[in-house]
Each structure stands twice: as structure tokens, then as C-alpha cells.
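One structure is given below, encoded as C-alpha cells.
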Amino acid sequence: MSVRIGANKNIDRSRWKKWQQGIDWYLLGSFLIWVLFGLLILASAGTAVGYELFGDSYYFVKHQLLISVLPGLLGMYVLSKVDYHYWKDWASVMLFASILLLVSVFIPGLRAEYGTAHSWIIIAGYSFQPAELVKLTFLIYLSSWLVNRGSGKIKNLQEGLMPFLFILGVIMLLMILQPDVGTMSIIVMTAFVVFFVGGGAWKHLIWMGFLAVFSIMMLINFSPYRAQRLMTFLHPEIDPQGIGYHINQATLAIGSGGFMGRGYGHSRQKFQYLPEVAGDSIFAVMSEELGFVMSVLFLLFLLYVAYRGVLVSYQAPDRFGQLLGVGIISWFIIQAFFNIASMLSLVPMTGVPLPFVSSGGSAMLINLLALGILLNISKQRMKSA
């Protein structure tokens, strides 16, 4: 049966219905709103520091748009057309290449140093953070590995948990040496979600909880600055002009926004008071300008995005698509709430940016590429429905 469109065009109803049931437009629309909202917030938050450092109040938003968002949207479109099963065949190669990139940050002449961290490399004159790519490639590898193992072996200590912890431990070690504990934390938490959704035994969660506490204690013991961060988190008033300055200024910015905010573009803390206003602290600027109501609405928006992402993943045509989809949406939401929680002094500050909002070329680009894969999963989910 066909329906006539125009003068000489006939379209089969079943094909028309299949076309209508392509990409999850609610999911895509939500992320495009997230990106646009992020650019608007960055345009305001980065004005003072952009003018001071580069003589251009809108340097950060221009850089984000031209270097990250536009290429990222193009990459997202391309990957939304590529069958996500393709990545399963290259999972091991991609993980190995990513590990080599993590190692490359320690090579003199190739690495780019910012402060005490060795988390960037220089490629063709541009800085790139390999850890951002590992977020995606490790998810692809882990999803493929879990599918190949099967739920029976995954529940086994020797064949499931121990190999998983070994693979994850290699990634963790390389990131601790950089050091980049914030990004490492996101990778670890996302990996745990995928592992247990993939069939991991819940009894192992208790043991890993003890292991995580022990690991944190060891990190604090061997790194005095981490101990200082922990003390600052517990008692930010101890050194308000020193290590406690950042969290005190963040809470001041959020609190001074009140119920409705000072108004877009009217933040005071962004004028050399709040560190990293275009990066990790951008939620504090947003809360100061837009207030409590908009901040809560943004959190509810994140929950809606999580719902759409989980729904797409749940209805994927196979286990690989389900695990990869859950991993990608968990990564975005976990990192977003981790950043927000650090600004609210609910967790220690670890330098985790707010996805699709904070300035950061590597992060935005890789996020959009991952979104492209998630959209392809949604497309195949709708076709198979």
C-alpha cells in the first residue's frame, strides 16, 4: 500500500514509518539543547578571564565552537551513520592504541605540561588529552569483553571479576601517574556500572567497595596534596585564602545567586575571584547568574537525558548495544553530577569538567563522538522495534 506525495512520488507506508522511527529525536534534541545551553553559559562565564588572557571576552566560547563543537557535530553525524557493531571488531586495537596514548604523556617533547599534571600531548600544534579518548575506547572494549565472556563467566571470581580488575587496574595506574584522579574516577565508576549491568555478581560489589576505600587511603598516604584536598573538603574554613579558597568561592557564588539569580552575565565571582570559571567551576557561575530555580531545572533536565539514554540502551537489538549505550549515558551523567557535587562541597574537588558546558576541546569532541555512537544504537533500536 502506498501514499501519494506530490505529483509523481509514491512512498511505501512501511518504509515511511521506518524512516520516522530512525534516530531517537528526543535524545538528540536533548543533547543539542545541552550543547547550546553550555555555549551560552560559557559565553558569560569566560568573559573576564578571556579578556585578561587573550584580549577577547568571547575567546573561550569561540574556541569551543570552532575547535570542538562544529568538528564534534560533524563527527557525531558521521558516527551516527556507522553501524555500532563495527566498533566491536576493533575494540582490542582501540584500547591498545589508547594505552599507548596514555603512555605518550610521559614522553618529553610530546607531552604538554600544565602545572604538575602530565595529562596532555601536542598533536599538530594542538593539545589533546588522551584520557578523554580512553573514556570511550575502554567502554567499547569492556562492552565487547563482557559480551564475549558471557554472563556465566562474568559472575565467576577468577574468570570475571579478577580479569576485569586487572584491565581496569592498568588504566588506573597510568592515570594515577599523570596524575589525573578525577578522570580516572569517572572511568572507574562508569566501568563498574557496565560490569554489573553486564552480569557481574553483586556480592563482589562489597569487596570492591573495601578495595576502593583501601586504594583511596593509599593514594592519600602517598600524596600529601590529596590529603590536603580531603581536609579542605571536610573543613574548608581551615585555610580560606589557601587550599580552601576554591571551594569557598564556589559556595559563595552559588549561595549569592539566591532563588532567581543575579541575571545572565551578571556574575561577580567570575571577575578574578573564582578559579577555573570557564572550566571546572562553571556550574557555580551558572548558579550565581541563573539562581536556584534554573539550577534545579538543569538537574531535572539531566535526569530526563539519563532516562532517554537508558531507554535507548534497554531497547538496543543486542547485548553489546545495551552495554555500550548504558556506558555512554552513565559516563555523561556520572561526570555531570560529580562536577556539580564538587561545587556544592558534597565530594572533594578533583578537577572534573561539566560535560557539554565546561571549556575543553578534547572533552567536547570525544563527548560528541560518543553521542554519535549512542544515536546509531537508537537508530537500530527503532528499526528493530
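The values are calculated or read from the model by the stated rules, or taken from the named source; none is laboratory data. As the structure is a prediction and not an experimental result, all values here were calculated from the model. Cβ sites come from the backbone with ideal geometry, for glycine too, and all protein chains shown count toward neighbours.
The table for this structure:
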quantity: Leading residue by the ranking (surrounded by the fewest Cβ atoms within 10 Å (Cβ to Cβ)) among those in the stretch 248-270 that are in contact (Cβ under 8 Å) with a residue 60 or more places away in the chain and farther than 9 Å from E288 by Cβ; calculated: G265
quantity: Leading residue by the ranking (nearest to M208 (Cα to Cα)) among those in the stretch 133-172 that are among the charged types (D, E, K, R) and surrounded by fewer than 21 Cβ atoms within 10 Å (Cβ to Cβ); calculated: K155
quantity: Verdict on L354 being crowded, with 22+ Cβ neighbours inside 10 Å and closer than 17 Å to L39 by Cα; calculated: yes
quantity: Test: L290 is free of Cβ contacts under 8 Å to residues at least 40 places away in the same chain and not acidic (D, E); calculated: yes
quantity: Any chance A43 is among the aliphatic types (A, V, I, L, M) and either over 28 Å from L375 (Cβ atoms) or at pLDDT below 85 (or both); calculated: no
quantity: Boolean, L252 is at pLDDT below 65 and either part of a helix (DSSP H, G or I) or closer than 21 Å to S359 by Cα (or both); calculated: no
quantity: Any hit, the stretch 209-219, residues being over 20 Å from L136 (Cβ atoms) and modelled with pLDDT under 65; calculated: yes
quantity: Qualifying residue in the stretch 228-247 (condition: buried (at least 16 other Cβ atoms within 10 Å of the Cβ), at pLDDT 85 or above, closer than 21 Å to G360 by Cβ and among the β-branched types (V, I, T)); calculated: no
quantity: Checking L139 against (1) under 17 Å from M189 (Cα atoms); (2) at pLDDT below 90, the condition it does not meet; calculated: (2)
quantity: Within the stretch 267-300, considering residues that are farther than 17 Å from L344 by Cβ and of a type in the set (F, W, Y), the one modelled with the lowest pLDDT; calculated: Y273
quantity: Subset tally (residues that are closer than 26 Å to K62 by Cβ and in a helix (DSSP H, G or I)) for the stretch 275-294; calculated: 10
quantity: Enumeration of residues in the stretch 36-79 that are surrounded by 16 or more Cβ atoms within 10 Å (Cβ to Cβ), of a type in the set (A, V, I, L, M, F, W, C) and more than 30 Å from I377 (Cβ to Cβ); calculated: A43, A45, A48, V49, F60, V61
quantity: Test: residue in the stretch 54-73 that is closer than 17 Å to M364 by Cα, assigned to a helix (DSSP H, G or I) and touching a Lys or Arg at 6+ places or on another chain (Cβ under 9 Å); calculated: no
quantity: Identity of the residue in the stretch 298-334, of a type in the set (V, I, T) and within 15 Å of the chain's Cα centre (by Cα), that ends up farthest from I41 (Cα to Cα); calculated: V326
quantity: Residues (modelled with pLDDT under 75 and of a type outside the set (F, W, Y)) located in the stretch 180-202; calculated: G200, A201
quantity: Among the residues listed as F292, F283, F301, the single one being under 30 Å from S143 (Cβ atoms), hydrophobic (A, V, I, L, M, F, W, C) and surrounded by fewer than 24 Cβ atoms within 10 Å (Cβ to Cβ); calculated: F301
